[in-house]
Structure formats: structure tokens, C-alpha cells
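Chemist: A single structure is presented below for examination.
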Amino acid sequence: MPVVELGPGHCDALLRFFTALPEGDLTFIEEEVTDPATVRSWAAGDSPGRRWVSVDAGGNEVTGYVAVRRLPGWSDHVGEVRLVVAPSRRGTGLGRELARQALVGAVSAGLSKLVVEIVAEQGSALALFTDLGFSGEALLRDHIRDRDGRLRDLMVLAHHVQETWAGMDTVGIADELDAPAG
Ligand SMILES: CC(C)(COP(=O)(O)OP(=O)(O)OC[C@H]1O[C@@H](n2cnc3c(N)ncnc32)[C@H](O)[C@@H]1OP(=O)(O)O)[C@@H](O)C(=O)NCCC(=O)NCCS
């Protein structure tokens, strides 16, 4: 399933994708993703940050989304990752592929640190980011409430680009960065 940079042609499909997500998943994006104007500005490239989507074989439906946004001010060397895959497509490697694309994009853009927030019990998110060289940097206890109102811990994982360069070699990302853009 191809992963491509978000473009104007994906606008309607991306809106359908976000609107169909369960409410709990939307909390990971933390932006007004069901608002057509917001999504249109992303697709047109008018908003800060880089975004990619995975699309189905026909190219009509978005099946996953990842974004990297540079933090402002004195943290503008840090990028924050947001990742979500359609519930019906999970467990097929799509999350891994999208996260890898975000990492390549962030490193090419010169970011030296990436962070991602995950719910502490979420095994798949932890596994895929750990394999890309992310590690636990903070644990915020009882920081979020799930849909049933139960308190959950939030983990902040971080990827320090210089320190993990050797690790990136193992997943072939260094080769991708060396390849001519296009
Ligand atoms: C986290 C998320 C993006 C993962 O997407 P996905 O497409 O299912 O991920 P993948 O199929 O690439 O799986 C990644 C790895 O997770 C592991 N995994 C999958 N399900 C798992 C589970 N239930 N428990 C533990 N590990 C699991 C596997 O190791 C898998 O790798 P594999 O290729 O070795 O099998 C998806 O569950 C999601 O959208 N969740 C809601 C939003 C979210 O939590 N985003 C992350 C923070 S921004």
C-alpha cells in the first residue's frame, strides 16, 4: 500500500478517513481533523509541518496518516509525530511504514529530535517506534482519560537523530537519505 506525501487530491479522502475514526483515536491527532478547512489547508501545503498518507490500491481511500510538526521557538529543532491507521487496516505493517516515512522526512528536514506521545499500554505503537530508534523519555502518570473515563498513563518517546544514526542504518533509512531526492 503506497505511502505518499499528502497533496490537494487527498483532501476529501482524508476528511472521510478522519470522520470515520473512533473518537478515542482522534485524541492522538489533537487538531481539528474533522474540520474541512483545516484538512484543506494541510492538503494544499498551506500549514506548517509535513504529512503523508497511505492510500488503497485504487488510490481513492486514505488508510493511514502521519504528520511531523516542528515545535515552535526554542524547541524548533524538535518534531512531534502524530500517527493513526484505519482500525480495519491495523496489524498489517502500515503504521510501521508511515512512521518510517515520517522519520526519513524529519531527518531530511534537519530536525535533530523527534517525540511522540503514546498511551502507555499501547503495545503496537511502542513496538513500532522502539524499532525505529525511539525510547522512553517521560512517563506522565494519569495524564489522560480514556473513553470510559479511566485514567491512563501517557508515555513520551523520543528519537535523538545523532545518537541513533547507527540504529537507522539497520532499517535502511541512511540509504534512503543518501539517495537523490525525487
Ligand atoms: C499505533 C498504530 C498507528 C499502529 O498501526 P498498525 O498499522 O497496526 O501498526 P503495524 O501493523 O505496523 O504494527 C507495528 C508493530 O506493532 C506490534 N503489534 C501489533 N499489534 C500489537 C499488539 N496488540 N500488542 C503488541 N504489539 C503489537 C507488532 O510488533 C507490529 O510489528 P510486526 O510487523 O513485527 O508485526 C495504530 O494502532 C493506531 O492508529 N492507533 C491509534 C493512534 C495511536 O495510538 N497513534 C500512536 C501515537 S501518535
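The values are calculated or read from the model by the stated rules, or taken from the named source; none is laboratory data. Remember, predicted model here, so these are calculated numbers, not experimental data. Note: ideal-geometry Cβ built from the backbone for every residue, glycine included; neighbour counts use all protein chains shown. Remember, those area values only see protein heavy atoms, side chains included, never the ligands or the DNA or RNA. Shrake-Rupley method; radii C 1.70, N 1.55, O 1.52, S 1.80 Å.
Chemist: So if I take the centroid of the Cα atoms in region 43-103 and the same for region 142-164, what is the distance between those two points in Å?
Modeler: First find each Cα centre; the distance between them is then 18 Å.
Chemist: Check each of the GluC sites (Glu not before Pro) in region 45-123 and keep only those in coil by DSSP with at most 12 other C-beta atoms within 10 angstrom; list them in order.
Modeler: Here the sparse-neighbourhood loop sites are Glu121.
Chemist: So which helices of the chain fit the span-like rule, where a helix is a whole DSSP H run, its Cα atoms reach 15 Å or more along the axis, and its mean Kyte-Doolittle is at least 0.0?
Modeler: Values: long enough: 94-108 (21 Å, 0.51).
Span-like helices in the chain: 94-108.
Chemist: Still on this structure, I have one more. Counting only heavy atoms of the protein chains, get the accessible area per residue of region 1-153 (1.4 Å probe) and round it to a whole Å² value.
Modeler: Averaged over the residues of region 1-153, the accessible area is 52 Å².
Chemist: Sticking with this one: Given 0.36 nm per residue, what is the gain on full extension from His77 to Arg145 after removing their alpha carbon distance, in nm? Show your work: numbers first, answer last.
Modeler: Details: separation 68, 0.36 × 68 = 24.48 nm, distance 2.99 nm.
Residue separation times 0.36 nm, minus the Cα-Cα distance, leaves 21.5 nm.
Chemist: OK, next. Run the accessible area of the chain with a 1.4 Å probe and give the carbon-and-sulfur part as a rounded percent.
Modeler: Summing carbon and sulfur atoms, their accessible area is 51 percent of the total for the chain.
Chemist: Would you mind telling me which residue in Gly93, Gly136, Gly149 has the biggest mean-square fluctuation in a Gaussian network model of the chain, where springs connect alpha carbons within a distance under 10 angstrom?
Modeler: The residue that fluctuates most here is Gly149.
Chemist: Efficiency by 1/(1 + (r/R0)^6): what FRET value for Arg16 and Ser124, r their Cβ-Cβ distance, R0 = 22 Å, to the nearest 0.05? Walk me through the numbers on the way to the answer.
Modeler: On the way: r = 23 Å, r/R0 = 1.06.
Efficiency, from the Cβ-Cβ distance: 0.40.
Chemist: Could you work out how much longer the chain between Thr38 and Ala57 gets when fully extended? Use 0.36 nm per residue separation minus the Cα distance between them, nm to one decimal.
Modeler: 4.2 nm
Chemist: What number, in percent, do you get for the relative contact order of region 3-178 if the mean sequence gap of Cα pairs under 8 Å and at least 6 apart is divided by its residue count? Could the numbers behind the result be given before it?
Modeler: Values: 291 pairs, mean separation 30.0, N = 176.
Taking the mean separation of contacting Cα pairs over the length of region 3-178, I get 17 percent.
Chemist: If the elastic network links every pair of Cα atoms under 10 Å, which of Arg51, Arg147, Arg96 fluctuates the most in the Gaussian network model of the chain?
Modeler: Judging by the Gaussian network model, the answer is Arg147.
Chemist: Find out how many positive minus negative residues lie around Ser135, taking Lys and Arg as positive, Asp and Glu as negative, among other residues whose Cβ is under 13 Å from that of Ser135. Walk me through the numbers before you get to the answer.
Modeler: Details: positive: Lys113; negative: Asp131, Glu137, Glu163.
Summing Lys and Arg as +1 and Asp and Glu as -1 gives -2.
Chemist: Report the extension gain between Glu137 and Ile29 in nm, rounded to one decimal, defined as 0.36 nm multiplied by the number of residues separating them, less their alpha carbon distance. Before the final figure, lay out the partial values.
Modeler: Working: separation 108, 0.36 × 108 = 38.88 nm, distance 2.00 nm.
That works out to 36.9 nm of additional length.
Chemist: Related question: For region 108-153, what relative contact order do you get, as a whole percent, if you take Cα pairs closer than 8 Å and at least 6 residues apart?
Modeler: Relative contact order, region 108-153: 29 percent.
Chemist: Between Leu126, Leu94, Leu71, find the one with the highest GNM mean-square fluctuation for the chain; connect C-alpha pairs within less than 10 Å.
Modeler: The residue that fluctuates most here is Leu71.
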